[in-house]
Amino acid sequence: MPGCGYFNCSFLRFMAVFCTIFIVIPIFSLPTQAEQPVFTLQSRSAILMEASTGEIIFSKNPDEKLPPASITKIMTLLLIMEALEEGRANLTDIVRASENAMRMGGSQIYLEVGEEMSLEDLIKSIAIASANDSCVAVAEYLYGTEEAFVRKMNEKAKELGLTNTYFYNTNGLPPDDPGVKGNYTSAKDVAIMSRELLKYPRVLEWTSTWIDYVRNGEFVLNNTNKLVRHYQGVDGLKTGYTNEAKYCLSATGERNGLRFIAVVMGAPTSDIRFKEVSTLLSYGFNAFKAYEVVEKDQLVQKVRVSRGKVEEVGVIAGTDFKVPLRKGADEKVTTEIVLRERIIAPIKAGEILGEMVVKKDGTEIGRIPLKAQSDVERGTIFQIIFQMLKNLFLSLVNLFR
């Protein structure tokens, strides 16, 4: 009779199931290059971000709202650096300490009421030794009151899109009243504000300093971030600890043209926070390589200028830009130049003429400002008329080709 016996059909069904289990399933469960690495971290929340693009390489509970302790001071330092850049303050300014600043507990340089110190020394004491009293003194100097400074911190948080962040004070100390809501943020938000602070390289001069002094060498500032001394390439940023927050750290380091930001929050011990941040940074440096898209001031192209003494001007990159590429992965980087519709003289050197859009595998990861390489003065009436006639002639030639 045609067909198969019971035994043969059963055997064939068994082999089909066997092949499905032992052959098909492993093929479809293979990890892809885009998947996150697997880490066993004891910290409650963590993130690894590439600094130039903001690409998130790894995360664990990145949006969980947690008390940040002294990594609050990343935002404090950001507002200070903005004030310096805007010319509202200078490093040589003399700041007088108030009673409110003197009353701060925790990490401090023990300011006395009426004591005067340069703004730079106070910034150093914040960046290196995490001085709570210095945060209040600087906040009052820049905005009149700590409360006004804190309002600006929260405004800046909204501006940066930090949806899981709220600041109660400048330094991260918990409120005296347990019924009052204190500072909270998330690992992702901390990474974003850290990345923003890195726009001011001067900060890294302070946060990378292992030991320094204020009060004419009489008071020692010891860096609370021991990775600055013990991990190659680390040059910032901020540690934090309170009973509620446990041990926190936002660290950044650079090697071989790549910079990463690693954040852990709620680590059970100080050693664990440093170990886990080291693990994250090491993964980034080992698994990625830097692809240089453009260097600062590199000539990108030349463009035509209307009504100028010269007919074209060089367009240069406004900043360096590197893209992290996974080693062994087939990732493609493309660029697109977008310029003003018309570039008309006069033009100043450094004037923004457009931007370079950078994409990785079709996804936009950054924009680079493109600037004029040199001044272009407005041409004389005869030069302008000559250019117009020349352009008209060239248009007619192209039309009849």
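The values are calculated or read from the model by the stated rules, or taken from the named source; none is laboratory data. If you're wondering where the values come from, they're calculated on a predicted model, not measured in any experiment. Cβ coordinates were reconstructed from backbone atoms using ideal geometry, including for glycine residues, and neighbour counts include every protein chain displayed. Accessible surface is based on the protein model in full, side chains and every heavy atom, while ligands, DNA and RNA are left aside. Shrake-Rupley method; radii C 1.70, N 1.55, O 1.52, S 1.80 Å.
Could you tell me which residue of segment 349-371 is most open to solvent (accessible area, probe 1.4 Å), considering only residues that are free of Cβ contacts under 8 Å to residues at least 24 places away in the same chain and within 21 Å of the chain's Cα centre (by Cα)?
R367
So is K124 in a helix (DSSP H, G or I), within 23 Å of S59 (Cα to Cα), modelled with pLDDT of 95 or more and not hydrophobic (A, V, I, L, M, F, W, C) or not?
For K124, the condition - in a helix (DSSP H, G or I), within 23 Å of S59 (Cα to Cα), modelled with pLDDT of 95 or more and not hydrophobic (A, V, I, L, M, F, W, C) - is not met.
Is segment 261-276 home to any residue that is within 16 Å of S208 (Cα to Cα), in a helix (DSSP H, G or I) and without any contact (Cβ under 8 Å) to a residue 60 or more places away in the chain?
Yes: one or more hits.
If Y247 passes every condition in (1) more than 15 Å from N183 (Cβ to Cβ); (2) not in a strand (DSSP E or B) but one, which one does it miss?
(2)
For segment 255-278, which residues satisfy the criterion of being polar (S, T, N, Q) and surrounded by 22 or more Cβ atoms within 10 Å (Cβ to Cβ)?
Correct list: empty.
Pull up segment 149-201, narrow it to residues that are among the acidic types (D, E) and under 23 Å from E86 (Cβ atoms), then point me to the one that is most open to solvent (accessible area, probe 1.4 Å).
Here the residue is E159.
What residue, among those in segment 202-223 that are over 18 Å from L119 (Cβ atoms), open to solvent by 50 Å² or more (accessible area, probe 1.4 Å) and in a loop (DSSP other than H, G, I, E, B), is modelled with the highest pLDDT?
If we take residues in segment 202-223 being over 18 Å from L119 (Cβ atoms), open to solvent by 50 Å² or more (accessible area, probe 1.4 Å) and in a loop (DSSP other than H, G, I, E, B), then W210 is modelled with the highest pLDDT.
So that you can scan it fast, the table gives a plain yes or no per residue for (1) part of a strand (DSSP E or B); (2) open to solvent by less than 40 Å² (accessible area, probe 1.4 Å):
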{"site": "G253", "(1), (2)": "yes, yes"}
{"site": "L281", "(1), (2)": "no, yes"}
{"site": "V293", "(1), (2)": "yes, yes"}
{"site": "V303", "(1), (2)": "yes, yes"}
{"site": "V313", "(1), (2)": "yes, yes"}
{"site": "G328", "(1), (2)": "no, no"}
{"site": "I337", "(1), (2)": "yes, no"}
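Can you say whether R229 is free of Cβ contacts under 8 Å to residues at least 24 places away in the same chain and either charged (D, E, K, R) or open to solvent by less than 10 Å² (accessible area, probe 1.4 Å) (or both), as far as the supplied structure shows?
Answer is yes for this residue.
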